[in-house]
């Protein structure tokens with residue numbers, strides 16, 4: 001599946017940054033040290049403004065003896081959202097829609113991650129920049145068994161095309177592209193959604209709410225994951241679990257449930273096969289907590305997304 005990371009023709013860079021690790025798609029800027037929010041915006045190519053502009057449609061042509069003229073009609077209840085740096089139209093929104101600039105979204109996230117050992121990990125723009133995401137790493141881990149440590153993240157995503165509100169949630173998934181963002185959105189819990197408004201007080205209250213739920217949720221996940229390490233699973237069941245975990249939408253899930261595997265795309269089958277091969281053979285899948293367990297199958301599908 002495509003990564004959908006925006007490529008800026010002017011800067012000749014992809015709008016994505018990652019700390020230390022290069023993602024599987026090998027795009028974007030990799031930095032060695034955890035950046036400030038201002039530096040993260042610059043590294044990820046998110047330092048652009050979005051404007052709301054009026055929409056028009058052609059009026060009926062007026063025919064005279066010598067030429068044809070056409071005017072334009074204002075569309076009063078809708079506007080377009082446009083990147084100010086390159087005039088790219090990002091979407092169509094209602095006239096009362098409030099643009100939340102990228103720097104404001106990061107400022108909102110600063111209220112969550114400021115201090116307390118929480119660090120910016122990845123950020124980027126998808127499509128033409130109509131959707132952005134950011135993840136921050138929490139200071140401790142989910143411990144599974146004696147050997148496996150799973151990092152904990154808070155993520156935030158927002159859009160400039162009217163397709164969604166600001167969304168912040170807890171996830172064990174490190175978001176690096178559209179696929180991993182979709183995975184985080186599908187598995188997110190204790191989600192906070194904030195409408196596109198400039199009310200900073202509401203945003204800060206919601207931010208503290210996210211911080212309050214993150215540790216409670218991670219404790220619950222730790223218990224679930226440790227239970228999975230003691231639950232055995234057959235190779236056939238592993239394959240089926242990976243298929244369901246990696247299904248990109250309800251239509252694919254329906255085909256799987258109805259046994260219509262011949263209708264699945266080659267791309268999806270290849271992703272499943274890669275995850276299954278990883279689950280069966282990778283050294284990290286040969287530990288006491290992963291080999292032949294439900295947690296091992298989950299770990300394979302998570303790392304291959």
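Quick notes
- When the Cα atoms of region 230-304 are aligned to their principal axes, the ranges along those axes come out at 36, 21, 17 Å in descending order.
- The Cα center of region 268-296 and the Cα center of region 28-62 differ in position by 39 Å.
Rule-based calculations on the coordinates, nothing more; no lab input. Here the structure is a predicted model, which means the values were calculated and not measured.
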